[in-house]
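I have placed the structure first, in the form of structure tokens, so that the comments after it can refer back to it.
The values are calculated or read from the model by the stated rules, or taken from the named source; none is laboratory data. Quick caveat: nothing in here was measured; it's all calculated off a predicted structure. When we count neighbours, we look across all protein chains shown, and the Cβ atoms used for this are built from the backbone with ideal geometry, even at glycine. Surface accessibility is based on the protein's heavy atoms, side chains included, excluding ligands, DNA and RNA. Shrake-Rupley method; radii C 1.70, N 1.55, O 1.52, S 1.80 Å.
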Amino acid sequence: MSATAADPPRDVVVSALDPRRLRTLQRVGMLCGITAGAWLGAAEAPTKLVTLGLTPVVVSLSMVIGVFLARWTLPALIQGTSYVAADLRQAPHLIVWAVLAGCLWAVANTLTIFAVRDVGLSIAFPLWNSNSLLGIFWGIVFFRELRGADWRRWLGVLGGALLMFAGGTALAAASAAQVPAKDAMRGVAAALAAGALWGTMYIPYRKAYLTGMSPLSFITFFTVGELGMMTALALTYSGGAGQLWIQISGARHVLFWLLAGGFVWVVGDLFQQYAVKYAGITRGIPLSNTNQLWGLLWGILVFGELRGASHSVLTQVIGGSVVMAVGAGIIALSSVSRSEHLRWQEAAVHEAERYRVDTRYTRARIAGEDAGSRRRRTWIDWSIVTIATAIIVGFAAVAEAPQIDVRGGWVVVLVIATLAMLAGATRALWRATRFN
């Protein structure tokens, strides 16, 4: 497609960013990835309620409802729906990709509930984080990541991926020793399938952010696919609307905790998406997958998982998690060079030309800058916030503390740590990009 008045020449778009600006965006992307790991890890704690007899689909559906509320509330508060609308006018084709990504997420999230039920949180977590391996593959194949990178960066990313695979193998072996063989196979299969779906989900993520869309805009339609797919799964698995309603009504006293888990997950996912935007799939996703260590901490310190396990099982679980985390760290530290970033910009131009998006908009957003859209909040935004708050308060009013053994002291420690990371990452992201 030839350049027009609305689309500046290609060489304007692919000119290299200022080195200082590029380093700033990479640091912000890395910090967002680390913060995402903490919050995504904390969000999986409510899935332990499946051990109280709740079905996996009820747990997953309840979390998705919380996710739906959060994915509309946060953009309304931070940017306003008018900002979201302006983004969608620039790239309306991304609505379809967002809905597709949401469908993939809903299926994957449900599979993780089965995995937690069958093999436990501390073991299932690192297995579904195999999504990093697939994400790296898609980033290289479709979005020119690592193109133009030197051999050290290639070695860092691929070597880190191999370490993550080795750690996952150790955890799979540990799971077989800890639970009955049938349950172990089912749980491992569910966790690995979730990882495959989440790894594929990053394709729509990257398409959106190369085009220039703000993560806050993308997630509003992402959640339409989530809720629609999850509702269909719940109705099918439960045997119809009547049976599903009976199961949800019976769990009404703990639904608040699941909705809260959905809110926490959205915070983590939002930072993960900023990590993908500014650090790429090959770096951002492995770094956010440090949630495996947070999941291990929640599982062992708070819920007492692996109590009574043999020394060899503990060694495999902890050692495998550490090896996977080291692999993710090596990948994350393989920073993006200027020449590789130019390849990203070329991929962005390709996306913009394919879907006839204004390349000035794409160029500004790649640099973490505004593209002319104004932030303003209207009665629509405050209505969204009010309705979501009323729903959460309503569930909180009937909530009861779940009858599950937790260690309160460790809960306080982990919550303080995750809040501190949130404050730091939010400040850095705002100063560098204004959440663009």
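Numbers below:
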item	result
Subset of the range 301-318 (residues that are free of Cβ contacts under 8 Å to residues at least 24 places away in the same chain and over 26 Å from the mean Cα position of the chain (by Cα))	Arg307, Gly308, His311, Leu314, Thr315
Selected residue (only one of Ser334, Ser249, Ser339, Ser310 is out of contact with any Cys (no Cβ under 7 Å at 6 or more places or on another chain), of a type in the set (S, T, N, Q) and under 28 Å from Leu54 (Cα atoms))	Ser249
Residue match in the range 110-119 (condition: at pLDDT 85 or above and not in a loop (DSSP other than H, G, I, E, B))	yes
The range 135-152 residues that are modelled with pLDDT under 80, paired with ones that are of a type in the set (D, E, K, R) and open to solvent by 70 Å² or more (accessible area, probe 1.4 Å) (beta carbon under 6 Å, 6 or more apart)	Arg144/Arg343; Arg147/Arg343; Gly148/Arg343
Failed condition for Ile318, given (1) of a type in the set (Val, Ile, Thr); (2) part of a helix (DSSP H, G or I); (3) open to solvent by less than 10 Å² (accessible area, probe 1.4 Å)	(3)
Top-ranked residue in the range 394-424 [being open to solvent by less than 60 Å² (accessible area, probe 1.4 Å) and more than 16 Å from Val264 (Cα to Cα); ranked as nearest to the chain's Cα centre (by Cα)]	Gly424
Residue tally, condition open to solvent by less than 30 Å² (accessible area, probe 1.4 Å) and either under 17 Å from Gly41 (Cβ atoms) or not in a helix (DSSP H, G or I) (or both), over the range 328-351	6
Residues being more than 18 Å from Ala208 (Cα to Cα), polar (S, T, N, Q) and assigned to a loop (DSSP other than H, G, I, E, B) - total across the range 357-408	2
2 or more residues among the β-branched types (Val, Ile, Thr), open to solvent by 20 Å² or more (accessible area, probe 1.4 Å) and at pLDDT below 85: qualifying helices (runs of 4 or more DSSP H) within the range 1-96	none
Among residues of the range 262-312, those that are closer than 22 Å to Val406 by Cβ and assigned to a helix (DSSP H, G or I), counted	18
Test: Ile384 is open to solvent by 30 Å² or more (accessible area, probe 1.4 Å), within 23 Å of Thr418 (Cβ to Cβ) and in contact (Cβ under 8 Å) with a residue 24 or more places away in the chain	no
Residue list for the range 120-135, restricted to those being assigned to a helix (DSSP H, G or I) and open to solvent by 10 Å² or more (accessible area, probe 1.4 Å)	Leu133, Leu134
Unique match (being open to solvent by 10 Å² or more (accessible area, probe 1.4 Å) and of a type in the set (Gly, Ala, Ser)) among Ala251, Ala241, Ala279	Ala241
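Here is a yes/no grid of residues against (1) at pLDDT 85 or above; (2) farther than 27 Å from Gly29 by Cα; (3) open to solvent by less than 10 Å² (accessible area, probe 1.4 Å); (4) polar (S, T, N, Q):
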residue: Gly168; (1), (2), (3), (4): no, no, no, no
residue: Ala181; (1), (2), (3), (4): no, yes, no, no
residue: Leu192; (1), (2), (3), (4): yes, no, no, no
residue: Pro204; (1), (2), (3), (4): yes, no, yes, no
residue: Met230; (1), (2), (3), (4): yes, yes, yes, no
residue: Tyr237; (1), (2), (3), (4): no, yes, no, no
